Amino acid sequence: MVVGLAANHTPSDWILSAAALLFVRIGSLLHRETADVGVPTTEPRENLAVIRHVSRKVLPGRKLRRGLYYRYLLTWEKPKEAIGSVPQ
């Protein structure tokens, strides 16, 4: 499981982020979010389309979900028939 950050590069990235803004603000207020929690971060470089494309090639059968706050959730389970085999 990976929880990552995706950059906004395309108009659709910005539109989807803007559409989630109300929910993000409400969530921040309800959870008394602070601006800086002291965790080192870096700016995301790839947008969700790139992450989706690369992860589809590298991790067949993966699931990718867009989240709030520019986040995405990627989950993957190694296929049972591939356990013990050597990747090519």
**Study point:** Residue selected from region 55-88 under the condition modelled with pLDDT of 90 or more and of a type in the set (A, V, I, L, M), by the criterion surrounded by the fewest Cβ atoms within 10 Å (Cβ to Cβ)
**Key:** VAL58
Review point. Can you find a residue in region 68-85 that is touching a Gly at 6+ places or on another chain (Cβ under 7 Å), on the phi < 0 side of the Ramachandran plot and among the hydroxyl-bearing types (Ser, Thr, Tyr)?
Key: yes
**Study point:** Filtered residues of region 1-13 (kept if hydrophobic (A, V, I, L, M, F, W, C) and either surrounded by 12 or more Cβ atoms within 10 Å (Cβ to Cβ) or in contact with a helix residue (DSSP H, G or I) (Cβ under 8 Å, 6 or more places away or on another chain) (or both))
**Key:** VAL2, LEU5, ALA6, ALA7
Review point. Condition test on ARG52, is it more than 17 Å from the chain's Cα centre (by Cα) and either among the acidic types (Asp, Glu) or surrounded by 10 or more Cβ atoms within 10 Å (Cβ to Cβ) (or both)?
Key: no
Review point. Of the residues that sit in region 35-54 and are assigned to a loop (DSSP other than H, G, I, E, B) and of a type in the set (Val, Ile, Thr), which one is modelled with the lowest pLDDT?
Key: VAL37
Revision key, fill the gap. If you go through ARG45, ARG32, ARG25, ARG52, the only one that is among the basic types (Lys, Arg) and at positive phi is ARG32
Point to revise | First in region 13-41 and closer than 16 Å to ARG71 by Cα, second anywhere and assigned to a helix (DSSP H, G or I) and hydrophobic (A, V, I, L, M, F, W, C), Cβ under 7 Å, 6 or more apart | key: ASP13/LEU48
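The values are calculated or read from the model by the stated rules, or taken from the named source; none is laboratory data. The structure displayed is predicted, hence computed values, not measured ones. Methodologically, a virtual Cβ is constructed for each residue, glycine included, from the backbone with ideal geometry; neighbour enumeration extends over all protein chains shown.
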